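Each remark here refers to the structure printed beneath this line.
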Amino acid sequence: MEKPLRTSLVIMWLLLKWVSCQQKVDQNPPFLSVQEGENITINCSYSDQNSQGLQWFRQDPGKGLTLLFYLASGSKGEGRIKSTLSRNDRHSSLHITASQPGDSAIYLCAVDAQ
Ligand SMILES: *[C@@H]1O[C@H](CO)[C@@H](O)[C@H](O)[C@H]1NC(C)=O
Ligand SMILES: *[C@@H]1O[C@H](CO)[C@@H](O)[C@H](O)[C@H]1NC(C)=O
């Protein structure tokens, strides 16, 4: 049996902190190169204890941000993408199951800073 060709895709992610309309980028984008079909987990840790919620956005080259999820706690999912937030650990993950080339994008995690 022939193995289907697999495309690799690149996922990048960033942590953003919104401080009174200014956005502050806290890290250089780490990136992940994976093979189509692999499951991906990207992580986002933040330090602000007072943060009330967290958002995951997706950005495609030359386009604006698309909101994927807003989480106050717990988890949310849609199709192959799922996210979880633990406010105790100040940690959130975004899981992509059976990645596809179209999942290549920059994923951004943003926490409210109040
Ligand atoms: C990806 O996750 C799904 C659902 O959790 C699982 O069924 C599948 O075996 C995983 N695939 C790989 C390549 O680990
Ligand atoms: C995110 O954390 C999980 C669990 O600790 C780990 O398996 C995964 O490799 C991490 N993802 C990245 C891109 O570092």
Through the Karplus equation 6.51 cos²θ - 1.76 cosθ + 1.60, θ set to phi - 60°, convert the phi angles of the range 41-57 into ³J(HN,Hα) values in whole Hz; use x for Gly and Pro. 10, 10, 10, 9, 10, 9, 10, 6, 5, 8, 4, 8, x, 9, 10, 10, 10
State, as an integer percentage, the relative contact order of the range 57-114 based on alpha-carbon contacts under 8 Å between residues 6 or more apart. 33 percent
Projected onto the charge dipole of the range 71-114 (unit charges on the beta-carbon of Lys, Arg, Asp and Glu, signs +1, +1, -1, -1), the Cα from S75, S93, A105 with the largest positive-side position is that of S75
Where does the range 39-114 land on Rg(C-alpha)/(2.2 N^0.38 Å)? 1.08
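Throughout, read-outs are computed from the coordinates displayed, never taken from laboratory work. Since this is a predicted model, take the numbers as computed values, not measurements. Virtual Cβ from ideal backbone geometry, glycine too; neighbours counted across all protein chains shown.
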